[in-house]
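One structure below.
The values are calculated or read from the model by the stated rules, or taken from the named source; none is laboratory data. What you see is a predicted model; the values in this text were computed from it and never measured. Cβ placement follows ideal geometry from the backbone for every residue including glycine, while neighbour counts extend to all protein chains displayed. In case anyone asks, the SASA skips ligands and DNA or RNA and just uses the protein heavy atoms, side chains included. Shrake-Rupley method; radii C 1.70, N 1.55, O 1.52, S 1.80 Å.
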Amino acid sequence: MKPIENMLHVGAPNIGSRDRFFDRANEMFDRRWLTNRGQLVQEFEQKVADYLGVKHCISMCNGTVALEIAIRALELKGEVIMPSLTFIATAHALQWQEITPVFCDIDRETYCIDPAEIEKHITPRTSAIMGVHLYSRPCDIEALQRLADRHGIKLLYDAAHAFGCSHNGTMIGNFGDCEVFSFHATKFFNTFEGGAVVTNNDGLAERIRLMQNFGFKGMDNVIYLGTNGKLSEICAAMGLVNLEEIDGFLETNRRNYEAYRAALEHKNGLHLIDFNGAEKCNRQYIVIEVDETYPLSRDELMEKLHANNIRARRYFWPGCHRMQPYAALQPNAGMMLPITEEVAERILVLPTGSAIQPETIEQITARL
Ligand code: T4K
């Protein structure tokens with residue numbers, strides 16, 4: 001087999017037209033306006049809001065700060081129920097503000113938080129549910145909203161994986177009290193580093209906008225406790241250029257996913273996740289489950305792939321509940337999360353995105 005010369009990464013960035021980017025950057029230099037809600041950030045926020053069909057988009061310097069600000073603006077406290085199978089930032093954004101993340105098990109099919117499991121975690125200290133639309137697949141949004149309404153608690157979403165995805169024809173970004181995106185380099189849609197909180201709630205949007213800029217209302221008037229969550233102009237330029245090419249990125253990921261699907265269809269012991277073909281979907285995560293009928297364990301397979309320059313990732317092993325800050329706080333959480341534990345031991349994420357061609361997928365799948 002021909003060796004793979006250059007390392008193949010999960011999360012290699014999608015990058016739009018360099019010429020368009022440098023044009024935008026030059027205009028920015030001419031204006032001498034580099035950050036603090038300049039022209040590019042304003043245009044970016046409007047275009048993202050239009051794309052999602054949502055009233056407000058408040059851009060942020062990254063997804064983690066966006067989560068922290070959303071949590072603060074929603075006045076969450078006590079405990080928030082969330083899945084453990086997610087990037088550690090979802091939990092950290094809560095614990096950083098001394099709110100306890102209470103880990104709930106996931107649905108075996110969607111890998112998203114299981115609404116049927118939530119009620120057993122609700123206590124008088126519960127202030128919200130935070131769903132994560134994991135690997136481009138939406139949570140059970142209707143069931144979560146019913147639970148939040150019934151218990152009079154807030155509902156927000158970490159939508160870091162779901163930019164460009166829809167649920168029942170409505171774009172992710174329109175659900176719950178607010179939704180939070182990451183526009184990190186490795187995400188389907190990137191601004192180098194960046195993020196956003198999006199919401200249809202006017203009052204919440206105003207609070208978030210104030211908090212993102214130190215609480216300033218006008219030049220010398222601080223009316224709110226705030227921090228610095230601002231997106232810079234150069235990051236907005238990247239976002240604007242990438243937004244222009246988003247349909248192409250969607251199509252590339254669809255092509256790549258289909259190539260993986262065709263190649264893996266008859267591979268015993270490997271199961272590729274499914275997406276709902278009737279919805280918009282970014283297909284940014286090529287996730288396989290490795291079961292016991294496969295000749296190698298998941299970790300042995302990952303090591304073999306790494307040795308072949310394919311940097312497959314165990315996103316998100318071992319689950320937040322087993323990471324040190326949380327394992328110590330909730331030592332028995334694992335017992336409550338059998339599905340999370342099972343899935344975290346089996347999953348492996350393979351490279352896709354515009355850096356990956358069908359021929360490369362042939363090379364990868366041949367090594368599986
Ligand atoms: N919620 C969820 C569900 C998230 O997944 C994330 C972020 C967040 C919240 C927080 O959003 P941010 O605050 O990050 O905006 C990476 C990313 O840094 C992180 O953004 C992402 N999730 C997470 C899933 O992946 P690491 O520690 O795994 O990154 P690293 O350096 O190992 O890179 C990942 C892969 O991407 C590697 O194979 C290399 C490749 N890569 C990376 C960069 C930066 C490239 O090919 N080019 C690049 O420019 O966390």
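Brief remarks follow.
- Spin-label pair ALA355/GLU27, simplified geometry with 7 Å Cα→Cβ offset, distance in nm: 2.9 nm
- ASP105, ASP114, reordered so the largest accessible area comes first (probe 1.4 Å): ASP114, ASP105
- When you restrict to C-alpha pairs under 8 Å that are six or more residues apart and normalise by the size of the chain, the relative contact order lands at 24 percent.
- Prolate/oblate/rounded label for the chain (Cα gyration tensor, a/c 1.5): oblate
- With all protein chains in place and a 1.4 Å probe, the accessible surface of the chain carries 50 percent carbon and sulfur.
- Nearby aspartates and glutamates by direct alpha-carbon distance to LYS55 (threshold 19 angstrom, same-chain neighbours under 8 apart not counted): GLU43, GLU45, ASP158, ASP177, GLU179, ASP202, GLU206
- Oblate is the label for the stretch 213-368. Its Cα gyration tensor axes, ordered a ≥ b ≥ c, give a/c of at least 1.5 and b/c at or above a/b.
- Multiplying the residue separation of THR35 and GLN324 by 0.36 nm and removing their Cα-Cα distance gives an extension gain of 100.4 nm.
- Rounded if a/c under 1.5, otherwise prolate or oblate - the stretch 166-304, Cα gyration tensor axes: prolate
- Which of SER59, SER17 is most accessible, then next, and so on - probe 1.4 Å: SER17, SER59
- Summed over the residues of the chain and divided among them, the accessible surface reaches 45 Å² per residue at a probe radius of 1.4 Å.
- Interatomic Cα distance distribution for the stretch 3-154, bins of 5 angstrom, percent: 2, 8, 13, 15, 17, 13, 11, 9, 7, 4, 2, 0
- The stretch 40-101: Cα Rg divided by the 2.2 N^0.38 Å rule of thumb: 1.30
- If R0 equals 45 Å, the separation of the Cβ atoms of ASP274 and LYS77 corresponds to a calculated FRET efficiency of about 0.75.
- Computed over the stretch 1-133, relative contact order equals 19 percent, with contacts defined as Cα pairs under 8 Å that lie 6+ residues apart.
- Modelled this way, with points 7 Å down the Cα-to-C-beta line, the labels at ARG367 and ALA262 are 2.2 nm from one another.
- Solitary cysteines of the chain, where the nearest other Cys Cβ is not under 4.7 Å: CYS57, CYS61, CYS104, CYS165, CYS178, CYS235, CYS281, CYS320
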